[in-house]
Amino acid sequence: MKKFVILLSIITLFIPSVVFANPDGEGLLKEAKSGVLMEASTGKIIYEKNSHEKVAIASLTKMVAQIIILENIEKGTMKWEDIVTASSNAAGMGGTQIFLTAGEKMSVKDLFKGISMASANEIVVVK
């Protein structure tokens, strides 16, 4: 029985997965408010839905921001003790936040904690 389960698992790995999508994008991002699908090497937009609508930052964006911060700390271009000043745009971001005020100064370490523990949107706003 154990050999059968292992063999079945191996066979399943080699069966290709097929994804069906309409060429016009219908059904793609069906439940999402907005989204963009872009060819990374050319920058060509393949599909978009409400791409110019202002929406709250998603968790994936915050995770990518954390990776970028960690990579910069590893490279030495940023330190945990560096001080960052919140812009008025960041302070007014809305959504999940730690309620930064425009001009407020915080260390990269404390801001990183804000992303990690509070999922704060305003921390990952660049300007």
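Quick notes on this one:
- Karplus 3J(HN,Hα) series, Hz, for the range 88-105 with 6.51 cos²θ - 1.76 cosθ + 1.60 (x for Gly, Pro): 5, 5, 5, 4, x, 4, x, x, 5, 7, 10, 6, 5, 9, 4, x, 5, 10
- For ALA120, distant residues with modelled amide H under 5 Å away: ILE115
- Here the label points at PHE99 and TYR47, each 7 Å from Cα along the C-beta direction, are separated by 4.0 nm in the simple model.
- Long-range HN-HN contacts of TYR47 with modeled amide H, under 5 Å: LEU37
- Cross-link check: pairs LYS54/LYS127; LYS75/LYS127; LYS75/LYS105; LYS105/LYS127; LYS75/LYS113 evaluated at a Cα-Cα cut-off of 18 Å; pairs beyond the cut-off: LYS75/LYS127; LYS75/LYS105; LYS75/LYS113.
- Computed extension gain for ASP82 through LYS113, at 0.36 nm per residue and net of the alpha carbon distance, reaches 9.8 nm.
- Summing +1 for each Lys or Arg and -1 for each Asp or Glu among the other residues whose beta-carbon sits under 9 angstrom from that of MET38 gives -1.
Read the figures in this text as sums done on the coordinates, not as results from a lab. Values in this document were obtained by computation on a predicted structure and should not be read as measured data. Note: ideal-geometry Cβ built from the backbone for every residue, glycine included; neighbour counts use all protein chains shown.
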